[in-house]
1. What's the number of the only condition in (1) modelled with pLDDT of 95 or more; (2) assigned to a loop (DSSP other than H, G, I, E, B); (3) touching a strand residue (DSSP E or B) at 6+ places or on another chain (Cβ under 9 Å) that Pro286 fails to meet?
2. Take the residues of the stretch 300-316 that are crowded, with 24+ Cβ neighbours inside 10 Å and not hydroxyl-bearing (Ser, Thr, Tyr): which is farthest from Trp361 (Cα to Cα)?
3. Please work out which residue is farthest from Ala258 (Cα to Cα), limiting yourself to the stretch 226-246 and to residues that are part of a strand (DSSP E or B) and polar (S, T, N, Q).
4. Can you tell me which of Val122, Val133, Val174 is out of contact with any strand residue (DSSP E or B) (no Cβ under 8 Å at 6 or more places or on another chain) and aliphatic (A, V, I, L, M)?
5. Restricting to the stretch 189-227, count the residues that are in contact with a Cys (Cβ under 9 Å, 6 or more places away or on another chain) and small (Gly, Ala, Ser).
6. Would you call Ala209 part of a loop (DSSP other than H, G, I, E, B), of a type outside the set (Val, Ile, Thr) and modelled with pLDDT of 95 or more?
7. Answer yes or no as to whether Thr183 is of a type in the set (Val, Ile, Thr), at pLDDT 95 or above, over 21 Å from Arg67 (Cβ atoms) and crowded, with 16+ Cβ neighbours inside 10 Å.
8. Within the stretch 250-270, identify whether any single residue is surrounded by fewer than 24 Cβ atoms within 10 Å (Cβ to Cβ), among the small types (Gly, Ala, Ser) and either in contact with a Pro (Cβ under 8 Å, 6 or more places away or on another chain) or farther than 20 Å from Arg67 by Cβ (or both), and answer yes or no.
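The values are calculated or read from the model by the stated rules, or taken from the named source; none is laboratory data. Computed from a predicted model, the values in this text were never measured in an experiment. Here the Cβ positions follow ideal geometry from the backbone for every residue, glycine too, while neighbour counts run over all protein chains shown.
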Amino acid sequence: MRSMGKTRRMTAVGICGAALAATVASPARAYEPARAYEPAHAYEPADRAAFKPGWQLKDSGTDVRFRGLAAVSRKTAWVAGSKGTVLRTADGGRSWRNVSPPGAVELEFRDIEAFDGRRAVVLAIGEGEASRVFRTEDGGATWTESFRNTDPRAFYDCITFFDSRHGLAMSDPVDGKYRILSTRDGGKSWKVLPNDGMPAAQPGEAGFAASGQCLVSAGPKDVWLATGGGATARVLHSSDRGLTWSAAESTIPAGDPAKGVFALAFRNRTQGLAVGGDYRTGQASPQASAVSRDGGRSWQQSKTPPPAYRSGVTWLPHSSSAALAVGPTGTDLTLDAGRSWRTVDTGSYDTVDCTPDHGCWASGEKGRIARLEN
């Protein structure tokens with residue numbers, strides 16, 4: 001956001017594993033269309049109050065901050081962060097290989113999307129040419145810079161992919177509208193989409209490059225964009241891969257450059273979660289989460305939200321009701337699709353991601369990377 005300068009961007013946190021999924025999951029429902037907003041009673045653990053997922057920290061060998069995370073499986077994951085750092089594990093986090101693009105030490109990586117253990121696309125954020133996209137097809141042994149922003153007014157925050165070929169990246173507003181970048185070849189080439197179908201941005205409105213989850217997709221064509229900083233915190237939705245958009249107000253407070261929706265997660269094209277708040281240390285975030293049951297057309301405040309700012313959120317695989325949210329002050333669990341949350345861990349994480357085989361990972365400051373364990 002321009003009104004914040006670099007402070008908000010440069011200072012603006014997945015969890016799931018076999019134990020948690022087995023306890024709260026329903027059989028093979030991760031990709032079924034949502035029929036209704038269902039309570040979690042059938043999938044809750046026997047002793048709900050005592051249930052607590054367990055993070056296990058993995059030694060990353062570095063102290064950089066990892067706001068970008070792409071979980072491929074329980075064994076394979078990628079993280080991306082400050083000082084142009086990209087790490088990859090293929091053994092469940094027991095060891096990490098530094099696969100950073102050469103000469104990228106001055107860049108801030110904030111989002112990474114991986115298709116498998118060899119193919120990944122990483123986004124560097126910043127004004128003008130600091131915003132770049134790199135891709136690899138050999139596990140990070142070599143990288144190709146496939147996009148470099150040359151417009152000093154643009155500032156790219158997040159990327160997402162619908163499949164291994166089609167993806168989008170989003171920039172803060174340029175000429176009063178969010179700018180959308182599109183690829184049809186897995187990130188090899190990018191083009192700016194027309195903005196005729198994009199609603200006008202509010203004064204001071206922008207995205208947060210906090211966790212790589214300000215732009216998320218579900219299915220072959222649906223994508224959502226999270227905003228803050230304006231008079232209201234909004235969620236924008238497109239059902240045609242970014243050509244046309246509609247905007248809806250969330251219940252998460254905004255009205256300040258440090259407040260808004262920081263992360264989104266959609267289990268399918270209708271059932272969504274939003275988290276955020278005020279990222280400044282010590283500031284209250286009393287309404288830090290919201291839920292949508294209609295694809296983001298409307299949002300309802302959580303009855304019991306997380307107790308503080310949260311920057312990352314993910315659904316648990318094969319469950320219609322369980323999800324986790326993370327932030328600098330802890331991890332929260334919901335077993336009723338976001339209506340109520342409770343803190344289950346007090347460690348600091350920026351982002352979170354889960355895979356269908358129950359491989360759930362989180363990453364954050366000081367080189368922190370963790371996986372959910374039994």
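1. Answer for Pro286: the failing condition is (1).
2. Pro305
3. Among residues in the stretch 226-246 that are part of a strand (DSSP E or B) and polar (S, T, N, Q), the one farthest from Ala258 (Cα to Cα) is Thr244.
4. So the residue among Val122, Val133, Val174 that is out of contact with any strand residue (DSSP E or B) (no Cβ under 8 Å at 6 or more places or on another chain) and aliphatic (A, V, I, L, M) is Val174.
5. Residues that pass the stated criteria total 5.
6. Judged against the criteria, Ala209 is a match.
7. Criteria met by Thr183.
8. Yes, some residue in the stretch 250-270 is surrounded by fewer than 24 Cβ atoms within 10 Å (Cβ to Cβ), among the small types (Gly, Ala, Ser) and either in contact with a Pro (Cβ under 8 Å, 6 or more places away or on another chain) or farther than 20 Å from Arg67 by Cβ (or both).
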